[in-house]
Amino acid sequence: MIKSIAVLGAGTMGIGIAHLFATHGFAVSLYEPNAALLPSAREKLLSLERADEHCAVLFFSELEKAVTDADLIVEAVPEQLTIKRDVYGRLARIIKEQTIVVSNTSTFALETLAEGQPFADRMVITHFFNPAHLIPLVEIVGLPTTSPADMEEIVELMRVCGKAPIVLNKDVPGFIANRLQAALMREACYLLENGVADVEQIDTAVKEGLGLRWAFNGPFEIADLGGLDIWSKVTGHLFPKLSVSTDEPESILTRTAEDHLGIKSGQGYYSYEDPVGTAEELHSNLQKLISLKTNKNTEGPPQ
């Protein structure tokens, strides 16, 4: 049974994941090798708390102290294979024999991460979405050798924490959600770069149209609603006209070269005079939407 959890990496995702588990009653340790970053990590974690919450997280800059008693280790270090393998190599010498090790990677196949690791049969991918403490979806990937009992324990843990876990049948790059998101972004960039519409118009089409439906129904549900005979005609007509580019979008490359990275730099596709306020507004909107969905899902049948 999972009682104690160690989260490795005090970046945005690590802090959000630590907050999630701590607010659901688990003993949580957060490891950050750079001790100078621990005060700011503590401040960021506290900023996520609501008035009715209190999450007691222990902070460590020494790996062994953070993971010694952990039943579950969540690796959320930078997306560099050398860094991850270095961490795994150190874990192999100090963790308990039954400890499950999960990775929040969105880049690497589990087979690649597990290669040569003595705890490979206890490794799982749990892909959270930013902000990790708010977005319900968690994509879960195991290996053919992964213990079914470990997989079920991870799935149940996510449900206890209010998440909506899905277990993939295959480990594919980008999993499910990022592949769908990337497909939409490719077409959005194509429309922008070919002068069909500007950034604001494209965002409006998603926010005021597609996004409202997608918040409550998936693409197959929407296809069923519209009629598969209609969708047969729509896809047959549109698919040959959609972007099939395999290159990085020029509108992203140009902005990146100019260090216009989005909210974190104050400039991206839009300008941000108050980056912190913008991020807080995003979180607030997400909380409202999640609350609305939760209320809808818990409503009883009409009287």
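Return yes when LYS84 is touching a helix residue (DSSP H, G or I) at 6+ places or on another chain (Cβ under 7 Å), at pLDDT 95 or above and not hydrophobic (A, V, I, L, M, F, W, C) and no when it is not.
Values: touching a helix residue (DSSP H, G or I) at 6+ places or on another chain (Cβ under 7 Å): yes; at pLDDT 95 or above: yes; not hydrophobic (A, V, I, L, M, F, W, C): yes.
The answer is yes for LYS84.
Would you confirm whether or not the stretch 203-220 contains a residue that is under 28 Å from LEU253 (Cα atoms) and of a type in the set (Val, Ile, Thr)? So far as the stretch 203-220 goes, yes, one or more of its residues are under 28 Å from LEU253 (Cα atoms) and of a type in the set (Val, Ile, Thr).
Does LEU48 meet the test of being in contact (Cβ under 8 Å) with a residue 40 or more places away in the chain and either assigned by TED's automatic domain parsing to the domain that holds LEU113 or of a type in the set (A, V, I, L, M, F, W, C) (or both)?
Working: in contact (Cβ under 8 Å) with a residue 40 or more places away in the chain: yes; either assigned by TED's automatic domain parsing to the domain that holds LEU113 or of a type in the set (A, V, I, L, M, F, W, C) (or both): yes.
Here the answer is yes, as LEU48 does meet what is asked.
Of VAL74, VAL155, VAL167, all but one fail to be surrounded by 22 or more Cβ atoms within 10 Å (Cβ to Cβ), at pLDDT 95 or above and in contact with a strand residue (DSSP E or B) (Cβ under 8 Å, 6 or more places away or on another chain); the exception is VAL74.
Which of the residues spanning the stretch 120-153 are more than 21 Å from THR12 (Cα to Cα) and out of contact with any Leu (no Cβ under 8 Å at 6 or more places or on another chain)?
First, pick out the residues of the stretch 120-153 that are more than 21 Å from THR12 (Cα to Cα): 120-123, 141-153.
ARG122, PRO144, THR145, THR146, SER147, PRO148, ALA149, ASP150, MET151, GLU152, GLU153 - these are the residues of the stretch 120-153 that are more than 21 Å from THR12 (Cα to Cα) and out of contact with any Leu (no Cβ under 8 Å at 6 or more places or on another chain).
All of (1) more than 30 Å from LYS288 (Cβ to Cβ); (2) out of contact with any Lys or Arg (no Cβ under 7 Å at 6 or more places or on another chain) hold for SER243 with one exception: (2).
Determine whether LEU30 is surrounded by 13 or more Cβ atoms within 10 Å (Cβ to Cβ) and touching a Gly at 6+ places or on another chain (Cβ under 7 Å). Considered against the rule, which asks whether it is surrounded by 13 or more Cβ atoms within 10 Å (Cβ to Cβ) and touching a Gly at 6+ places or on another chain (Cβ under 7 Å), LEU30 comes out as yes.
Checking each residue in the stretch 228-273 for being among the polar types (S, T, N, Q), loosely packed, with under 15 Cβ neighbours inside 10 Å and free of Cβ contacts under 8 Å to residues at least 40 places away in the same chain picks out SER232, THR235, THR246, THR254, THR256, SER265, SER271. For the stretch 193-205, the condition of being under 22 Å from SER106 (Cα atoms) and either modelled with pLDDT under 95 or of a type in the set (Gly, Ala, Ser) (or both) holds for none of the residues. Would you point out the residue of the stretch 40-86, among those that are assigned to a helix (DSSP H, G or I) and farther than 25 Å from HIS24 by Cβ, that is farthest from the chain's Cα centre (by Cα)? Within the stretch 40-86, the match that is farthest from the chain's Cα centre (by Cα) is GLU64. Looking at the stretch 98-107, is at least one residue more than 23 Å from HIS127 (Cβ to Cβ) and surrounded by 14 or more Cβ atoms within 10 Å (Cβ to Cβ)? No, that holds for no residue.
The values are calculated or read from the model by the stated rules, or taken from the named source; none is laboratory data. The structure presented is a predicted model; accordingly, all values stated were derived computationally and were not measured. Here the Cβ is made from the backbone with ideal geometry for all residues, glycine too, and neighbour counts use every protein chain on show.
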